[in-house]
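One structure is given here, and the rest of the page talks about it.
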């Protein structure tokens, strides 16, 4: 029978691995089907589907180079997140039965990857896309629901990773 501590370690490892898989699939999708989400970024930055009578249209950007640059930056950050979470889940898996200090130290890559994800989906989508570009006003190009769902899971896993363990046998 496994200890509760060991099962929590397994839960932490699986959660980070799930985030790694999600981010890897997002990177694959965004690179193999580039223009689907490129158009999303383009329309959000153009602000062409928000309320027509508001006073913030001066924030809109209509520059193809900046659309591509913004989207490529998102993809690169998603790739960094995928790498960090893959490495983080591997490090956690390798140290499942290690002492508390070593297992805790193996969380660093996972924390880095999750933090990158929070930057992408909270800062990038919710703050910049949602508030600066008023994405919340668009019925067509609104990714706030997806971003909120992703950020919620990322934060919950970050909290799970930092739950304190007692220094005891993990088997």
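The values are calculated or read from the model by the stated rules, or taken from the named source; none is laboratory data. Because the structure is predicted, anything quoted here is derived from the model rather than measured. Every residue, glycine as well, gets a Cβ built from its backbone with ideal geometry; the counts of neighbours run over all protein chains shown.
Condition first: part of a loop (DSSP other than H, G, I, E, B) and without any contact (Cβ under 8 Å) to a residue 12 or more places away in the chain. Now tell me which residues in the stretch 45-62 satisfy that. Correct list: 52, 53, 55.
For every residue, the table says whether it meets (1) closer than 17 Å to residue 7 by Cα; (2) more than 20 Å from the chain's Cα centre (by Cα); (3) modelled with pLDDT of 95 or more.
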{"position": "121", "(1), (2), (3)": "no, no, yes"}
{"position": "126", "(1), (2), (3)": "no, no, yes"}
{"position": "132", "(1), (2), (3)": "no, no, yes"}
{"position": "145", "(1), (2), (3)": "no, no, yes"}
{"position": "148", "(1), (2), (3)": "no, no, yes"}
{"position": "157", "(1), (2), (3)": "yes, no, yes"}
{"position": "163", "(1), (2), (3)": "yes, yes, no"}
{"position": "166", "(1), (2), (3)": "yes, yes, no"}
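Restricting attention to the stretch 87-117, the residues that are within 22 Å of residue 22 (Cβ to Cβ) and surrounded by 19 or more Cβ atoms within 10 Å (Cβ to Cβ) total 12. Checked against the criteria, residue 70 does not count as assigned to a helix (DSSP H, G or I), closer than 30 Å to residue 9 by Cβ, touching a residue at least 24 places away in the same chain (Cβ under 8 Å) and within 21 Å of the chain's Cα centre (by Cα).
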